[in-house]
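First the structure, in the form of C-alpha coordinates, and then the observations on it.
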(Lines give C-alpha, C1' and ligand atoms only; values in the text may rest on other atoms or scores of the structure.)
Protein backbone atom coordinates (compact mmCIF):
# COMPACT_ATOMS: atom_id res chain seq x y z
CA UNK A 1 0.00 0.00 0.00
CA UNK A 2 2.76 2.47 0.84
CA UNK A 3 4.45 1.68 -2.49
CA UNK A 4 1.31 2.77 -4.37
CA UNK A 5 1.07 5.92 -2.31
CA UNK A 6 4.71 6.78 -3.03
CA UNK A 7 4.21 6.24 -6.76
CA UNK A 8 1.17 8.47 -6.81
CA UNK A 9 2.98 11.21 -4.86
CA UNK A 10 5.88 11.03 -7.33
CA UNK A 11 3.45 11.22 -10.28
CA UNK A 12 1.71 14.19 -8.65
CA UNK A 13 5.05 15.92 -8.11
CA UNK A 14 5.94 15.37 -11.78
CA UNK A 15 2.57 16.75 -12.83
CA UNK A 16 2.95 19.82 -10.59
CA UNK A 17 6.43 20.47 -12.01
CA UNK A 18 5.08 20.26 -15.56
CA UNK A 19 2.13 22.51 -14.70
CA UNK A 20 4.38 25.14 -13.12
CA UNK A 21 6.68 25.10 -16.12
CA UNK A 22 4.00 25.30 -18.84
CA UNK A 23 0.78 26.85 -17.44
CA UNK A 24 1.67 30.47 -18.24
CA UNK A 25 2.55 29.66 -21.87
CA UNK A 26 -0.61 27.60 -22.32
CA UNK A 27 -2.71 30.42 -20.85
CA UNK A 28 -1.14 32.93 -23.27
CA UNK A 29 -1.92 30.64 -26.20
CA UNK A 30 -5.48 30.28 -24.95
CA UNK A 31 -5.76 34.07 -24.74
CA UNK A 32 -4.54 34.49 -28.30
CA UNK A 33 -7.14 31.94 -29.38
CA UNK A 34 -10.11 33.47 -27.56
CA UNK A 35 -9.18 37.08 -26.71
CA UNK A 36 -10.62 36.88 -23.19
CA UNK A 37 -8.42 36.35 -20.11
CA UNK A 38 -11.23 34.75 -18.12
CA UNK A 39 -12.07 32.27 -20.87
CA UNK A 40 -8.34 31.65 -21.41
CA UNK A 41 -8.03 30.72 -17.73
CA UNK A 42 -11.03 28.39 -18.04
CA UNK A 43 -9.59 26.74 -21.16
CA UNK A 44 -6.22 26.32 -19.45
CA UNK A 45 -7.88 24.72 -16.43
CA UNK A 46 -9.81 22.34 -18.69
CA UNK A 47 -6.63 21.34 -20.53
CA UNK A 48 -4.63 20.72 -17.34
CA UNK A 49 -7.50 18.94 -15.59
CA UNK A 50 -7.77 16.53 -18.51
CA UNK A 51 -4.00 16.10 -18.47
CA UNK A 52 -4.08 15.29 -14.74
CA UNK A 53 -6.77 12.67 -15.27
CA UNK A 54 -4.74 11.08 -18.08
CA UNK A 55 -1.34 11.47 -16.37
CA UNK A 56 -1.03 7.89 -15.05
CA UNK A 57 -1.76 6.48 -18.53
CA UNK A 58 0.67 8.70 -20.41
CA UNK A 59 3.84 6.83 -21.17
CA UNK A 60 5.59 9.37 -23.39
CA UNK A 61 6.09 12.43 -21.23
CA UNK A 62 8.05 14.10 -24.03
CA UNK A 63 4.72 14.42 -25.91
CA UNK A 64 2.95 16.33 -23.13
CA UNK A 65 3.05 19.70 -24.90
CA UNK A 66 1.23 18.22 -27.88
CA UNK A 67 -1.36 16.57 -25.66
CA UNK A 68 -2.06 19.80 -23.74
CA UNK A 69 -2.13 21.85 -26.95
CA UNK A 70 -4.64 19.48 -28.56
CA UNK A 71 -6.79 19.41 -25.42
CA UNK A 72 -6.72 23.21 -25.25
CA UNK A 73 -7.67 23.51 -28.91
CA UNK A 74 -10.55 21.07 -28.55
CA UNK A 75 -11.82 22.88 -25.48
CA UNK A 76 -11.69 26.18 -27.38
CA UNK A 77 -13.53 24.81 -30.41
CA UNK A 78 -16.11 23.01 -28.26
CA UNK A 79 -16.74 26.11 -26.18
CA UNK A 80 -17.39 28.18 -29.28
CA UNK A 81 -19.84 25.60 -30.60
CA UNK A 82 -21.90 25.73 -27.40
CA UNK A 83 -21.87 29.36 -26.31
CA UNK A 84 -25.05 28.99 -24.29
CA UNK A 85 -23.10 26.94 -21.73
CA UNK A 86 -21.09 30.00 -20.74
CA UNK A 87 -22.26 32.25 -17.94
CA UNK A 88 -22.43 35.96 -18.69
CA UNK A 89 -22.47 38.68 -16.08
CA UNK A 90 -25.34 41.12 -16.39
CA UNK A 91 -26.50 44.21 -14.59
CA UNK A 92 -24.79 47.35 -13.39
CA UNK A 93 -21.01 47.18 -13.12
CA UNK A 94 -20.78 43.75 -14.72
CA UNK A 95 -17.76 44.65 -16.86
CA UNK A 96 -15.58 46.03 -14.09
CA UNK A 97 -13.14 43.11 -13.93
CA UNK A 98 -13.03 42.17 -17.62
CA UNK A 99 -9.42 43.30 -18.12
CA UNK A 100 -6.77 41.97 -15.71
CA UNK A 101 -4.00 44.22 -14.45
CA UNK A 102 -1.44 42.28 -16.52
CA UNK A 103 -3.20 43.41 -19.70
CA UNK A 104 -2.00 46.97 -19.05
CA UNK A 105 1.52 45.82 -19.90
CA UNK A 106 0.49 44.92 -23.45
CA UNK A 107 1.39 47.33 -26.18
CA UNK A 108 -1.19 49.10 -28.31
CA UNK A 109 0.06 47.14 -31.32
CA UNK A 110 -0.70 43.85 -29.62
CA UNK A 111 -4.19 45.02 -28.65
CA UNK A 112 -4.91 46.05 -32.25
CA UNK A 113 -3.68 42.69 -33.53
CA UNK A 114 -5.65 40.68 -30.96
CA UNK A 115 -8.84 42.63 -31.67
CA UNK A 116 -8.43 41.91 -35.39
CA UNK A 117 -7.67 38.26 -34.70
CA UNK A 118 -10.89 37.93 -32.70
CA UNK A 119 -12.90 38.97 -35.77
CA UNK A 120 -11.61 35.97 -37.75
CA UNK A 121 -13.65 32.73 -37.83
CA UNK A 122 -12.57 30.37 -35.04
CA UNK A 123 -11.14 27.58 -37.22
CA UNK A 124 -8.98 30.00 -39.23
CA UNK A 125 -7.95 31.72 -36.01
CA UNK A 126 -6.91 28.36 -34.60
CA UNK A 127 -4.79 27.67 -37.71
CA UNK A 128 -3.12 31.10 -37.45
CA UNK A 129 -2.41 30.72 -33.74
CA UNK A 130 -1.01 27.21 -34.13
CA UNK A 131 1.09 28.08 -37.21
CA UNK A 132 2.42 31.49 -36.25
CA UNK A 133 2.09 31.78 -32.45
CA UNK A 134 2.92 28.17 -31.54
CA UNK A 135 5.25 27.88 -34.58
CA UNK A 136 3.95 24.44 -35.56
CA UNK A 137 4.46 22.91 -38.98
CA UNK A 138 1.60 22.50 -41.44
CA UNK A 139 1.60 18.76 -40.74
CA UNK A 140 1.45 19.25 -36.96
CA UNK A 141 -1.48 21.66 -37.31
CA UNK A 142 -3.23 19.21 -39.66
CA UNK A 143 -2.83 16.44 -37.06
CA UNK A 144 -4.19 18.65 -34.28
CA UNK A 145 -7.18 19.81 -36.32
CA UNK A 146 -7.73 16.39 -37.91
CA UNK A 147 -7.62 17.72 -41.47
CA UNK A 148 -5.29 17.62 -44.47
CA UNK A 149 -2.15 19.70 -44.89
CA UNK A 150 -3.78 21.39 -47.89
CA UNK A 151 -6.68 22.48 -45.71
CA UNK A 152 -4.25 23.99 -43.21
CA UNK A 153 -2.43 25.88 -45.96
CA UNK A 154 -5.66 27.23 -47.45
CA UNK A 155 -7.07 28.15 -44.02
CA UNK A 156 -3.80 29.91 -43.15
CA UNK A 157 -3.88 31.83 -46.43
CA UNK A 158 -7.53 32.81 -45.96
CA UNK A 159 -6.93 33.61 -42.30
CA UNK A 160 -4.07 35.96 -43.16
CA UNK A 161 -6.27 37.64 -45.78
CA UNK A 162 -9.04 37.96 -43.16
CA UNK A 163 -6.51 39.40 -40.71
CA UNK A 164 -5.33 41.97 -43.27
CA UNK A 165 -8.95 42.93 -43.97
CA UNK A 166 -9.77 43.12 -40.24
CA UNK A 167 -6.75 45.32 -39.59
CA UNK A 168 -7.56 47.66 -42.48
CA UNK A 169 -5.91 51.03 -41.91
CA UNK A 170 -4.36 49.77 -38.68
CA UNK A 171 -2.13 47.46 -40.75
CA UNK A 172 -0.51 50.43 -42.46
CA UNK A 173 0.01 52.11 -39.08
CA UNK A 174 1.55 48.94 -37.62
CA UNK A 175 3.87 48.56 -40.62
CA UNK A 176 5.13 52.14 -40.30
CA UNK A 177 6.13 51.74 -36.64
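The values are calculated or read from the model by the stated rules, or taken from the named source; none is laboratory data. Just so we're clear, the structure is a prediction, and the values are computed from it rather than from any experiment. Because the Cβ atoms are built from the backbone with ideal geometry, glycine has one as well, and the counts that use them run over all protein chains shown.
The residues listed here are 109, 98; of these, the one that is at pLDDT below 90 and assigned to a helix (DSSP H, G or I) is 109.
For beta carbons closer than 9 Å, sequence separation of 6+ or different chains, a first residue in the range 54-79 that is more than 12 Å from residue 18 (Cβ to Cβ) and a second that is not in a helix (DSSP H, G or I), the qualifying pairs are 69/134; 69/136; 79/86.
Each residue in the range 27-44 was checked for being within 13 Å of residue 73 (Cα to Cα) and either assigned by TED's automatic domain parsing to the domain that holds residue 117 or over 11 Å from the mean Cα position of the chain (by Cα) (or both), and 0 of them qualify.
Residue 119 meets all of the listed conditions (1) under 23 Å from residue 36 (Cβ atoms); (2) modelled with pLDDT of 85 or more; (3) not in a loop (DSSP other than H, G, I, E, B) but one, namely (3).
Suppose the filter is modelled with pLDDT of 85 or more and either over 25 Å from residue 117 (Cα atoms) or not assigned by TED's automatic domain parsing to the domain that holds residue 130 (or both); does residue 24 pass it?
yes
There is no residue in the range 74-90 that is modelled with pLDDT of 90 or more and either farther than 21 Å from residue 132 by Cβ or surrounded by fewer than 14 Cβ atoms within 10 Å (Cβ to Cβ) (or both).
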